[in-house]
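The values are calculated or read from the model by the stated rules, or taken from the named source; none is laboratory data. Predicted, not measured: the structure shown is a model, and the values here were computed from it. No Cβ is skipped: glycine too gets one built from the backbone with ideal geometry, and neighbour counts run over all protein chains shown. Side chains are part of the model used for accessible areas, which takes the heavy atoms of the whole protein and leaves out ligands, DNA and RNA. Shrake-Rupley method; radii C 1.70, N 1.55, O 1.52, S 1.80 Å.
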Amino acid sequence: MRILVLGSGGREHALAWKLAQSKGVEVFASPGNPGIARVATCLPAGGSFLSLAEEIDAALTVVGPEAPLVAGVVDEFRARGRKIVGPDAQAAQLEGSKVFAKNFFLQSNIPTAAFVTVDSPAEARRSLDGFGFPVVLKADGLAAGKGVVIAHSRAEAETALQTLTGRLVIEEFLRGQEVSFIALCDGRNVVPLAPAQDHKAVFDGDTGPNTGGMGAYCDGAILTELETREILDRVIYPTVERTRFTGFLYAGMMMTEAGPKVLEFNVRLGDPETQPLMHRMASDFVPALMAAATGSLAGVKLEWRRGPSLCVVLASGGYPGSYETGKPIHGVETAEATGATVFHAGTRTGNAGLETSGGRVLGVTAGGDDLPTAIARTYRAVEPIGFEGMHYRRDIGRKGLQSPISRGQP
Ligand code: AMP
Ligand code: GLY
C-alpha cells in the first residue's frame with residue numbers, strides 16, 4: 001500500500017519514518033527532504049497534490065502543513081473519492097483565522113482567554129484600555145507562528161501595532177504551562193494522541209521571541225487523567241460535533257489555575273511535537289490513519305511506550321529572524337550512533353554533502369525510561385552535530401521535571 005505524505009519539515013520526516021515501519025507500506029513524500037529520502041520516495045512538488053496522488057495511486061494521503069488544508073486540498077481529494085487525512089477548508093478556518101476560532105470558542109462555550117476583535121489600529125488603541133498588561137495581540141490570518149505579540153506595556157503594544165496590520169484579536173494574557181493536545185478525528189470519533197509540550201520561545205527559560213517551536217517532549221505524565229477528560233469533554237468533542245472535524249485537531253492549551261483554556265487551534269500535527277510523538281508511539285499508526293480517513297475510528301486505540309521521548313531543535317544562526325542557508329552540517333551519523341534519531345527539517349544536499357536550507361534545521365530525538373534519561377540521551381546526541389551559527393535551547397523538558405507540572409505558573 002502506498003501512502004503519500006505532503007510536506008518537507010521535521011514533522012513530515014517523523015511521520016514518514018513512523019509509517020515506513022508499517023508492514024506492506026511504501027511511503028512517498030512531496031516535496032520531502034534528504035532525511036525523508038532515507039525512508040520514502042521523494043517527489044518534487046509542482047503540479048497539484050491530487051494529480052500526484054493519482055499518479056502513484058496513493059491508498060492514503062496525510063497532510064503535514066496547514067497551508068494546503070486551508071487552501072482546500074481535502075475537499076479536492078474527497079471530490080475525487082481519494083482518501084486523505086485532514087479537515088476540509090471550512091474546518092481549517094479554525095487555524096486559518098484567529099477571529100473565526102475565537103468566535104467559535106465563544107459560541108461553543110469552549111474555555112479560552114477573554115478577547116475582543118478589532119479592525120483598525122485606532123480601534124485597537126481604544127480597546128487596549130479594557131485590558132491590563134501583559135496583553136496579547138494576534139494577527140487574524142496564518143503567520144507561521146509570528147503573528148502573536150505579548151506586550152508588557154502600552155509602549156510595547158503601540159510598537160506591535162505598527163507591524164500587526166489588518167484584523168486583530170486582543171486577548172487576556174493567561175498564566176500557566178502550555179500543553180499540546182492533539183486528537184485524531186474522523187468526523188465523529190476521537191482518538192487522543194499522548195500529550196506533548198512544545199517550547200516556542202527561542203531562548204532558555206522561555207525568553208526571546210517566539211519561533212515555530214525549539215523542542216518538545218511527549219510524556220503521559222504531562223496531564224492527569226482528569227485533565228485529559230476535561231479537555232476532551234469541553235474542547236475536543238464539542239468541536240468535532242459542531243464541525244464534523246476530520247484529521248488532526250491540535251488544541252494548544254494553557255493549564256491555568258482556573259483549569260485548561262485554549263490558546264489556539266491548529267488543524268494538523270504540531271512541529272516539533274510530532275517528532276517525540278512518533279518516536280514514542282508503540283502502535284502501528286497506519287490502521288488509525290486509514291480509519292480516520294474512512295470514518296471508522298470507533299474503538300481504535302493507540303499505545304505508547306512507557307517513558308518519555310524528547311526532541312531538541314537545532315536552528316540556524318539568526319532564526320527566528322533572518323538567517324543564512326547553505327552551511328555544511330557535520331556529525332549527524334555520530335549523533336545517530338548514540339541511538340538517537342535525527343529528523344531533518346531545513347536541510348538539503350549540496351555539493352559538499354548535507355547543508356542547511358531553513359530556520360529549523362534538525363530535530364534530535366531520543367527516549368528513556370524517565371525524563372532525566374531522555375533529556376540526557378538527547379543532549380548527548382546533540383554534541384557531535386555542528387554547523388556555522390547553530391543554536392539550540394539547553395532546557396527542553398526541564399519544566400517537566402517538576403512533578404506534577406505546575407498549574408497557573410509559567
Ligand atoms: P498562538 O499562535 O495563538 O498559539 O500563540 C503563540 C504563542 O503565544 C502561544 O503558544 C503562547 O506561548 C503565547 N500565547 C498566545 N496567547 C496567549 C495568551 N492569551 N496568554 C499567554 N500566552 C499566549
Ligand atoms: N509547535 C507548534 C506548532 O506546530 O504550531
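Quick notes on this one:
- Only helices (runs of 4 or more DSSP H) whose full extent lies in region 65-157 are considered here, and the ones with at least 3 residues that are closer than 22 Å to ARG234 by Cβ, within 13 Å of ligand 1 (Cβ to nearest atom) and at pLDDT 95 or above are 98-107.
- Scanning region 164-176 for residues that are within 9 Å of ligand 1 (Cβ to nearest atom) and in contact (Cβ under 8 Å) with a residue 60 or more places away in the chain returns VAL169, GLU171, PHE173, LEU174, ARG175, GLY176.
- Flag if TYR250 is at pLDDT 95 or above, more than 20 Å from VAL74 (Cα to Cα) and aromatic (Phe, Trp, Tyr): no
- Hey, MET278 within 16 Å of ligand 1 (Cβ to nearest atom) and open to solvent by less than 20 Å² (accessible area, probe 1.4 Å) or not: no
- Complete set of residues in region 94-152 that are aromatic (Phe, Trp, Tyr) and farther than 17 Å from GLU264 by Cβ: PHE131, PHE133
- When residues in region 163-184 are screened for being of a type outside the set (S, T, N, Q) and within 16 Å of ligand 2 (Cβ to nearest atom), 6 of them pass.
- Residue tally, condition touching a residue at least 24 places away in the same chain (Cβ under 8 Å) and either of a type in the set (Ser, Thr, Tyr) or open to solvent by 50 Å² or more (accessible area, probe 1.4 Å) (or both), over region 95-115: 5
- Test: LEU161 is buried (at least 17 other Cβ atoms within 10 Å of the Cβ), more than 23 Å from ARG268 (Cα to Cα) and near ligand 1 (Cβ under 9 Å from one of its atoms): no
- On the stretch given as region 213-236, residues that are buried (at least 17 other Cβ atoms within 10 Å of the Cβ) and either among the aromatic types (Phe, Trp, Tyr) or not in a helix (DSSP H, G or I) (or both) total 8.
- Checking each residue in region 188-208 for being open to solvent by less than 10 Å² (accessible area, probe 1.4 Å) and either more than 16 Å from ligand 2 (Cβ to nearest atom) or of a type in the set (Ser, Thr, Tyr) (or both) picks out only VAL191.
- GLY81 satisfies every condition listed in (1) at positive phi; (2) more than 20 Å from the chain's Cα centre (by Cα); (3) open to solvent by less than 10 Å² (accessible area, probe 1.4 Å); (4) not basic (Lys, Arg) except (3).
- The lone exception for TYR237 - which of (1) in contact (Cβ under 8 Å) with a residue 40 or more places away in the chain; (2) within 16 Å of ligand 2 (Cβ to nearest atom) it fails: (2)
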